[in-house]
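The values are calculated or read from the model by the stated rules, or taken from the named source; none is laboratory data. Just so it is clear, the model here is predicted, and its values are computed rather than measured. Every residue, glycine as well, gets a Cβ built from its backbone with ideal geometry; the counts of neighbours run over all protein chains shown. Only protein heavy atoms, including side chains, enter the accessible area calculation; ligands, DNA and RNA are left aside. Shrake-Rupley method; radii C 1.70, N 1.55, O 1.52, S 1.80 Å.
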Amino acid sequence: MEVMRIEPQTITHLQEWLGKTESLSDTVTAAPVRALSATLDRVDPEPSKGTFLPELWHWLYFLPHARESDIGPDGHPKRGGFLPPVPLPRRMWAGSRIKWLAPLSVGDEIERVSTIQSVTHKAGRTGDLIFVLVKHDISNQNGLAITEEHDIVYRDAPEPDDKPVAPTPAPSDAAWTKTITPDDVLLFRYSALTFNGHRIHYDRKYVTEVEGYPGLIVHGPLIATLLVDLVRQSIPDSKLKSFEFRAIRPTFDINIFKVSAKPDLEKDLSGKTISIWAQDHEGWLTMQASAVLA
């Protein structure tokens with residue numbers, strides 16, 4: 001397979017999307033909260049009007065609703081529209097930086113204003129990479145509640161002679177750790193909850209034969225949610241002021257993985273800054289994250 005090369009005029013065209021905005025409205029309903037709680041195997045009180053929406057659970061709302069005829073071969077909506085039509089086949093949620101300014105609760109009427117902040121090109125070791133930065137501002141009836149920067153990376157299909165990036169060992173000094181078994185049901189339920197049709201999360205034939213991965217890929221947002229959930233379980237009644245994560249390596253459903261955390265006392269002696277990470281079954285770092293408690 002020939003590696004796709006991005007021409008300068010293509011980059012110029014993609015940068016025409018800079019500043020493009022999209023506004024969506026939604027309501028924080030109880031059913032998705034109840035469903036994600038069950039998916040994460042939590043024992044939570046029945047959600048009702050006024051129930052606090054846990055951090056990152058805002059990803060259950062403002063879901064894409066592309067018509068079936070507008071779905072591309074990878075299960076995502078076809079390129080174009082709000083996001084630029086990047087002509088590279090593989091797309092990944094590479095990371096986010098999120099700040100909570102005020103809580104969201106069940107029953108809130110919410111609005112998200114999204115803006116394309118940047119479109120950048122980099123020549124990587126295995127071909128071209130396109131990075132798209134999207135900023136989301138989420139408000140409820142009381143004003144701005146969440147700001148989020150969302151990094152999306154596009155890359156070429158794999159070549160048979162591609163060499164994997166050298167892995168990084170995960171830290172070994174966790175204060176709290178939980179082992180996750182990423183079976184098909186967990187991945188299916190999270191895809192359904194987020195109306196995510198991306199085939200890499202449920203279509204084993206597609207992900208192994210077309211995209212060249214060894215198994216189904218665990219959603220990056222699901223792993224991030226599990227990281228935050230570990231903090232919630234380990235530090236009861238904690239609330240987050242900010243959270244950021246960066247995906248390092250894909251996590252596959254063919255093996256267990258672990259989520260771990262510890263107070264980052266080198267950065268913050270108060271213990272409010274928490275270092276969090278995920279690692280695969282071999283101990284390699286797959287996601288790096290940090291949270292600051294309110």
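Check every one of the strands (runs of 3 or more DSSP E) wholly within the range 231-294 and list those with 2 or more residues that are in contact with a strand residue (DSSP E or B) (Cβ under 9 Å, 6 or more places away or on another chain) and of a type in the set (Phe, Trp, Tyr).
On the way: elements: 240-247, 257-263, 273-279, 285-293.
Because the criterion is at least 2 residues that are in contact with a strand residue (DSSP E or B) (Cβ under 9 Å, 6 or more places away or on another chain) and of a type in the set (Phe, Trp, Tyr), the strands (runs of 3 or more DSSP E) in the range 231-294 that meet it are 240-247.
The number of residues in the range 251-261 that are over 25 Å from residue 101 (Cα atoms) and surrounded by 16 or more Cβ atoms within 10 Å (Cβ to Cβ) comes to 7.
Here is a check on your reading of the model: is residue 224 assigned by the TED database to the domain that holds residue 75, hydrophobic (A, V, I, L, M, F, W, C) and either touching a His at 6+ places or on another chain (Cβ under 8 Å) or crowded, with 16+ Cβ neighbours inside 10 Å (or both)?
Numbers: assigned by the TED database to the domain that holds residue 75: no; hydrophobic (A, V, I, L, M, F, W, C): yes; either touching a His at 6+ places or on another chain (Cβ under 8 Å) or crowded, with 16+ Cβ neighbours inside 10 Å (or both): yes.
So residue 224 fails the test.
Which one is nearest to residue 184 (Cα to Cα), of the residues in the range 4-52 that are surrounded by 13 or more Cβ atoms within 10 Å (Cβ to Cβ) and of a type in the set (Lys, Arg)? Ranking the qualifying residues of the range 4-52, first place goes to 34.
Looking at the structure I just gave you, is residue 114 within 21 Å of residue 90 (Cα to Cα), at pLDDT 95 or above and of a type in the set (Ser, Thr, Tyr)? Working first, answer last.
Numbers: within 21 Å of residue 90 (Cα to Cα): no; at pLDDT 95 or above: yes; of a type in the set (Ser, Thr, Tyr): yes.
In short, no.
Within the range 130-160, restricting attention to residues that are open to solvent by 30 Å² or more (accessible area, probe 1.4 Å) and under 19 Å from residue 88 (Cβ atoms), the residue that is modelled with the lowest pLDDT is 160.
Answer yes or no as to whether residue 168 is open to solvent by 50 Å² or more (accessible area, probe 1.4 Å), in contact with a helix residue (DSSP H, G or I) (Cβ under 9 Å, 6 or more places away or on another chain) and either modelled with pLDDT of 90 or more or under 22 Å from residue 244 (Cα atoms) (or both). For residue 168, the condition - open to solvent by 50 Å² or more (accessible area, probe 1.4 Å), in contact with a helix residue (DSSP H, G or I) (Cβ under 9 Å, 6 or more places away or on another chain) and either modelled with pLDDT of 90 or more or under 22 Å from residue 244 (Cα atoms) (or both) - is not met. Of the residues that make up the range 266-275, is at least one open to solvent by 10 Å² or more (accessible area, probe 1.4 Å) and in contact (Cβ under 8 Å) with a residue 40 or more places away in the chain? Within the range 266-275, one or more residues are open to solvent by 10 Å² or more (accessible area, probe 1.4 Å) and in contact (Cβ under 8 Å) with a residue 40 or more places away in the chain. Could you check, for the range 179-198, whether at least one of its residues is among the hydrophobic types (A, V, I, L, M, F, W, C), open to solvent by 40 Å² or more (accessible area, probe 1.4 Å) and either touching a residue at least 40 places away in the same chain (Cβ under 8 Å) or assigned to a strand (DSSP E or B) (or both)? Yes, that holds for at least one residue.
Just the residues that are in contact with a strand residue (DSSP E or B) (Cβ under 9 Å, 6 or more places away or on another chain), open to solvent by 10 Å² or more (accessible area, probe 1.4 Å) and closer than 25 Å to residue 147 by Cα, please, taken from the range 80-100.
Step one: filter the range 80-100 for residues in contact with a strand residue (DSSP E or B) (Cβ under 9 Å, 6 or more places away or on another chain), giving 81-84, 86-100.
Right, trim to open to solvent by 10 Å² or more (accessible area, probe 1.4 Å) and you get 81-83, 87, 89-94, 97, 99-100.
Answer for the range 80-100, where residues must be in contact with a strand residue (DSSP E or B) (Cβ under 9 Å, 6 or more places away or on another chain), open to solvent by 10 Å² or more (accessible area, probe 1.4 Å) and closer than 25 Å to residue 147 by Cα: 81, 82, 83, 91, 92, 93, 94, 97, 99, 100.
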